[in-house]
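Down below is the structure, laid out as structure tokens.
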Amino acid sequence: MTKHILDCIFIETTTACTRKCPWCTHHYYDIKPNFMSENLFQKIITDLSSLNYSGRLSFYLNGEPLLDKRLSEWVKAGKKACPDAFTFIISNGDLFTAEKVTELIHSGLDAIKVNTYDEKTLIKVQTEMKKINPDIIHHVRLYDHSNKTDWTSRGGTVPFGGKQNENHKKTVCLRPFRQ
């Protein structure tokens with residue numbers, strides 16, 4: 001396995017989202033829903049394949065990945081091109097269904113993290129998770145944030161009601177150098 005400078009690649013296949021959470025750029029800016037062109041996606045995957053990329057391959061960034069109807073086929077293409085990569089998405093749960101998650105896992109998705117931000121979505125996701133085959137449920141991680149109210153802006157750049165964490169001012173963020 002080759003060691004790469006970047007340990008995580010984010011491929012934002014869509015900028016569209018189902019929410020405007022107060023800590024997200026979607027809340028502050030009217031972000032036009034765009035979907036990545038197939039040519040650009042194929043170029044990225046081809047380039048990663050030529051590098052024998054084996055880090056985390058994430059099919060999301062700020063958009064809701066389950067809005068992209070091509071996601072399953074693109075996960076499959078990503079896994080085929082980079083078989084040693086760890087394929088991953090994070091979803092807000094709004095479009096989470098047992099059928100969709102099963103399709104994604106069978107396409108090569110290694111894990112999906114679901115962050116729920118309200119009780120209605122939490123209950124929906126929990127109900128759908130019960131329908132997922134026990135052989136693949138371990139690919140799904142659910143994090144309930146429906147009662148969390150103290151969201152903060154780590155970098156101090158999001159004009160949100162939470163305070164900047166003083167501990168973050170004293171550290172260097174390594175993400176831009178690795179992801």
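Brief remarks follow.
- Only residues that are of a type in the set (S, T, N, Q), under 22 Å from Pro83 (Cα atoms) and buried (at least 17 other Cβ atoms within 10 Å of the Cβ) were counted across segment 2-17, and they come to 1.
- Lys20 outside any helix (DSSP H, G or I), within 25 Å of Asp144 (Cβ to Cβ) and either basic (Lys, Arg) or open to solvent by less than 30 Å² (accessible area, probe 1.4 Å) (or both): yes
- Of the residues examined, Asn147 is not one that is touching a helix residue (DSSP H, G or I) at 6+ places or on another chain (Cβ under 9 Å), at pLDDT below 90, within 22 Å of Phe41 (Cβ to Cβ) and assigned to a loop (DSSP other than H, G, I, E, B).
- Candidate set: segment 38-76, residues that are among the aliphatic types (A, V, I, L, M) and over 23 Å from Ile5 (Cβ atoms); chosen: the one surrounded by the most Cβ atoms within 10 Å (Cβ to Cβ): Val75
- Residue satisfying condition, being within 19 Å of Ser54 (Cα to Cα), aromatic (Phe, Trp, Tyr) and under 15 Å from the mean Cα position of the chain (by Cα), within set Phe96, Phe88: Phe88
- Residue among Lys120, Lys131, Lys113 that alone is of a type in the set (D, E, K, R), at pLDDT 95 or above and assigned to a helix (DSSP H, G or I): Lys120
- A count restricted to segment 37-77 and to residues that are in a loop (DSSP other than H, G, I, E, B), over 14 Å from Thr14 (Cα atoms) and more than 16 Å from the chain's Cα centre (by Cα) stands at 4.
- A Cβ distance below 7 Å, combined with a sequence gap of six or more or placement on separate chains, defines the contacts here; from segment 44-65, residues that are touching a residue at least 40 places away in the same chain (Cβ under 8 Å) reach residues that are open to solvent by 80 Å² or more (accessible area, probe 1.4 Å) in the pairs Ser54/Met1; Ser54/Asp84; Arg56/Phe86; Leu57/Phe86.
- Candidate set: segment 23-36, residues that are over 17 Å from the mean Cα position of the chain (by Cα) and part of a loop (DSSP other than H, G, I, E, B); chosen: the one surrounded by the most Cβ atoms within 10 Å (Cβ to Cβ): Ile31
- Of all the residues in segment 118-131, those that are out of contact with any Leu (no Cβ under 8 Å at 6 or more places or on another chain) and under 15 Å from Leu66 (Cβ atoms) number 3.
The values are calculated or read from the model by the stated rules, or taken from the named source; none is laboratory data. Worth saying up front: this structure is predicted, and the values here are computed from it rather than measured. We place every Cβ from the backbone using ideal geometry, glycine too, and count neighbours over all the protein chains shown. For the accessible areas, the whole protein counts, side chains as well, though only heavy atoms, and no ligand, DNA or RNA atoms are used. Shrake-Rupley method; radii C 1.70, N 1.55, O 1.52, S 1.80 Å.
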